[in-house]
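Taken together, the values in this text are just the output of simple stated rules run on the coordinates, not laboratory data. From a predicted model like this one, the values you see are computed outputs, not experimental measurements. Cβ sites come from the backbone with ideal geometry, for glycine too, and all protein chains shown count toward neighbours.
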């Protein structure tokens, strides 16, 4: 791991609740994760057969498919997981298939723009022949192309001698976000945006699918009266509350004016006004114009 300390747990907040965790090669995270999530089921994937932890799977994740079901994990964690791989997007996208819709992947990468890398290149002494080094922009683009919806980064810095930093800047190297002194970037890549992750965490995928199908039918005038009735039937049966309904409608309905027109035409529920008011507060209005 060459001078990188185990820092990815800095991304874990008190709001996180992980039931199933996969640790990839970075065994030093296991004990801390056990302390923070004592009820969690922790799996460990490694190609090092000298390591022996509960739920250990011995394989090379870079070459072999992980033996888990789709959307099995809340968290996948491991440092430098894309540094020595043939096709990094295949690995990144593969990890995303094993994450729940509310799950996230914590990893890190070595910054090719760090002053130590550039200084070695200036001396013609760069030795990273088998390693992949990334810029922050390149890594973020790779993750978004691999089905992650939100990417957060934290810098792990090692400061440059002042004269070398000044020399690099004078040579034309931009030092945006103090990038030239960031040796590693720590990354949290999430399957869903935070507000959508919250929506997905509250009800089962089957209930969300039913709700989404009903909303789209109302939106597109398909058996409209029947589907408005179906909406309220599901609303009552599952205990859906107004704020949730408003946020869900905002996330899935495209033709809002027609949707609300149909809801108002066939509804006699006082909750509708609450849902409309909450949905309006969430919409981004065009030039401040109300949609209703």
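The table for this structure:
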| read-out | value |
| --- | --- |
| Spatial separation of Cα centroids for the stretch 82-128 and the stretch 227-268, in angstrom | 43 |
| Computed label-point distance, nm, for sites residue 147 and residue 221 using a 7 Å Cα→Cβ extension | 3.6 |
| Considering only the chain, percent of DSSP beta bridges that pair antiparallel, nearest 5 | 50 |
| Nearest-0.05 FRET efficiency for residue 35 and residue 157, computed from C-beta distance (R0 41 Å) | 0.90 |
| Square roots of 5 times each gyration tensor eigenvalue, C-alpha, the stretch 19-118, largest first, Å | 22, 16, 15 |
| Residue order, fewest to most surrounding Cβ atoms within 10 angstrom, among 44, 203 | 203, 44 |
| Helix 256-266 axis, angle to the chain major axis (alpha carbon atoms, nearest 10°) | 30 |
| Whole-number D in µm²/s for the stretch 44-172 (Stokes-Einstein; Kirkwood sum over Cα pairs; 37 °C, 0.692 mPa s) | 195 |
| Shape metrics for the chain, restricted to C-alpha atoms - Rg then Dmax, Å | 24.1, 76 |
| Net lengthening on full extension, residue 52/residue 71 (0.36 nm per residue, minus Cα-Cα) | 4.3 nm |
| Nearest 10 degrees, 0 to 90: helix 242-252 Cα axis against the chain principal axis | 70 |
| Between 0 and 90°, nearest 10: helix 271-282 axis offset from the chain longest Cα axis | 30 |
| For the stretch 100-186, projected area of the alpha-carbon convex hull averaged over all directions, nm² | 6.6 |
| Inter-probe distance in nm under a simple model that places probes 7 Å from Cα toward Cβ, at residue 270 and residue 207 | 2.3 |
| Relative contact order, percent, the chain [alpha-carbon distance under 8 Å, six or more residues apart] | 14 |
| Full-extension gain in nm, residue 178 to residue 28, via 0.36 nm per residue minus C-alpha separation | 51.2 nm |
| Burial ranking of peptide ranges 135-142, 9-16 (average Cβ count within 10 Å, highest at the top) | 135-142, 9-16 |
| Net length gained if the chain between residue 258 and residue 86 were fully extended (0.36 nm per residue, minus Cα distance) | 57.0 nm |
